[in-house]
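Structure first, then comments.
No lab work stands behind these numbers, since they all come straight from the coordinates. Small disclaimer: the values here were computed from a predicted structure and weren't measured. Please note: Cβ atoms are built from the backbone with ideal geometry, for glycine as well, and neighbour counts cover all protein chains shown.
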Amino acid sequence: MALALVLLSCAVAVLALLVFGLLRSHAEIIRALHRAGISLEESGGHAGRPGAPVELHSPPDGAAHDIVGVSPGGSPTKISVTGVRGLTLLAFLSSGCRTCETFWTAFAEPDLDLPDPRTRLVIVGQDAPVESETAFAELVPPGVKAVLSSAAWQDYDVPGSPYFALVDGTNNRLVGSGTAANWDQMRNMLRTALGDYLLETEAERGMTSGRDRERRADQALAAAGIGRDHPSVNQEPSTSDGDTPRNPSAEQ
Amino acid sequence: MHRLSAYGIGLDVPTGWEAELSLQQNLKKTVADPAAPGDGLVVLHAANFWLPNERDDYGSEALEIMAPTGVFIALVEFDPGAVGSLLFEHHGIPADLQPDDFDPNALRRPMRGQAGLQRFFHAAGRAFCLHAAIGSYKHRHPLTQEANSILLGLTIE
């Protein structure tokens, strides 16, 4: 009886190990598929079903990176994203991702409406063998810049496809990044992010309204203990000598 | 700074510059290993602006969109049999271009304000034509400096 119990316990332990191994292997497969932009959901892809909630966020560091990879024709290439005037919209797509299909179709439209007229679209796939070079090349619409670069996916911390990053090449900063279920949603989010970003950068450069400048000046003066009733604020300008600039021509 | 290297050609590509190394359109083969030389005749394009997708070997389409601040470089390889010819007798990469070497009439398709030049040379037993174009002949001095700076990062094996 004791022997049977020991044998049974051993069998249960072995079965538990097997189940654990299978679950772990399953999780690794799902993670690998996700990295490759393939979802197990019916609609597939990173963004989930059409109409599903979308997301757009600014990255923690906000840094932009140039892209080095291979063109769909197999040519080594460097695409300039930083240090250039204008915006670059990086579209991280895969040939095997079903949610990406709507974006491949949208980008083939001749009158594609980008978030800003100064924007260049660059489609970024992963290196082979994660991405099929042939399938990717067949999907790239004529006239659209495309590159295979897993390094770019890492640089922009891409969780899966489809995924988008809008980069301001003048300031070498990421305007926003995220994903959506279709191009209309994505474009609207990018426009909003761009609007916020432009306001932010203008504020950083001090290009704010006169009222904003007045408020900041008041705050700075108040911090220095100078209020609106301070004698120096309403002092009449001196007309005698001292601080009044002299006209050099008058001395001649 | 990124370095592109393939087909025995290497180029340091600074920030703000774009570049692509490819096989000439009429000689393109299936590329098993783009880093290996000897797959065909090579063409290199580099520019301090966004390169258009479609370009002929001398980059005419790139020149059509080049702004006055633009610099464009095309390195076009010729058949190695041309190495002994008078046209390719100069040895080494010409990385000391002079502003007055640029000529508004030297472009294959003359463009308003632009200027270009061509240099034929051989290096590492290979024959090349260097085609350089600048967006403004008036500003050829700073633009020539910029062209020379990128040519300093060009190597041929």
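Treat the count of other C-beta atoms within 10 Å as a stand-in for reagent exposure and order B:M66, B:M111 from fewest to most. Let's see the in-between values first.
On the way: B:M66 22, B:M111 16.
Lowest to highest Cβ neighbour count: B:M111, B:M66.
I need B:H122, B:H90, A:H65 ordered by Cβ neighbour count within 10 Å, fewest first.
On the way: B:H122 21, B:H90 14, A:H65 17.
Neighbour counts put them in this order, fewest first: B:H90, A:H65, B:H122.
Amide H to amide H, which residues 5 or more places from B:G153 or on other chains are under 5 Å from it, using H placed in the peptide plane?
Sorted by chain and number, the residues that satisfy this are B:D12.
Based on Cβ point charges of +1 for Lys and Arg and -1 for Asp and Glu, what charge dipole magnitude is obtained for region B:2-156 about its Cα centre, in debye rounded to the nearest 20? Before the final figure, lay out each step's value.
On the way: 11 positive and 18 negative charges, 34 e Å.
With Lys and Arg at +1 and Asp and Glu at -1, about 160 debye.
Quick one: which residues, 5 or more positions from A:R98 or on another chain, have an amide H under 5 Å from its amide H? H modelled 1.01 Å from N in the peptide plane, none for Pro or chain starts.
Result for A:R98 returns A:S39, A:G45.
GNM, chain B, Cα, under 10 Å: largest mean-square fluctuation among B:I134, B:I73, B:I65?
Taking springs between Cα atoms under 10 Å, the residue moving most is B:I65.
Where both residues lie in chain B, what percent of DSSP beta bridges are antiparallel, nearest 5?
On the way: 37 of 38 bridges.
Within chain B, antiparallel bridges account for around 95 percent of the total.
Which order results if A:V68, A:V158 are arranged by neighbouring Cβ count within 10 Å, fewest first? Don't skip to the end; give the middle numbers.
On the way: A:V68 19, A:V158 23.
By the 10 Å Cβ count, ascending, the order reads A:V68, A:V158.
Let me have the relative contact order for chain B, percent, based on Cα pairs under 8 Å that are six or more residues apart.
Working: 334 pairs, mean separation 37.1, N = 157.
Relative contact order for chain B comes out at 24 percent.
Taking region B:2-156, how much of its Cα-Cα pair set, in percent, is spaced more than 25 angstrom apart?
Percent of Cα pairs beyond 25 Å in region B:2-156: 24.
For the pair B:Q98 and A:D157, how long in nm is the line joining their label points, each one 7 Å along Cα→Cβ?
So the label points at B:Q98 and A:D157 sit 5.4 nm apart.
So what is the diffusion coefficient of region B:91-152 in µm² per second by Stokes-Einstein at 20 °C and 1.002 mPa s, using a Kirkwood Rh over Cα pairs? Intermediate values should be presented prior to the final figure.
On the way: Rh = 11.9 Å.
The estimated diffusion coefficient comes to 179 µm²/s.
Near the amide H of A:G176, under 5 Å away, which other amide H atoms are found, from residues 5 or more places off or on another chain, if H is placed in the peptide plane?
Long-range HN contacts for A:G176: A:L166.
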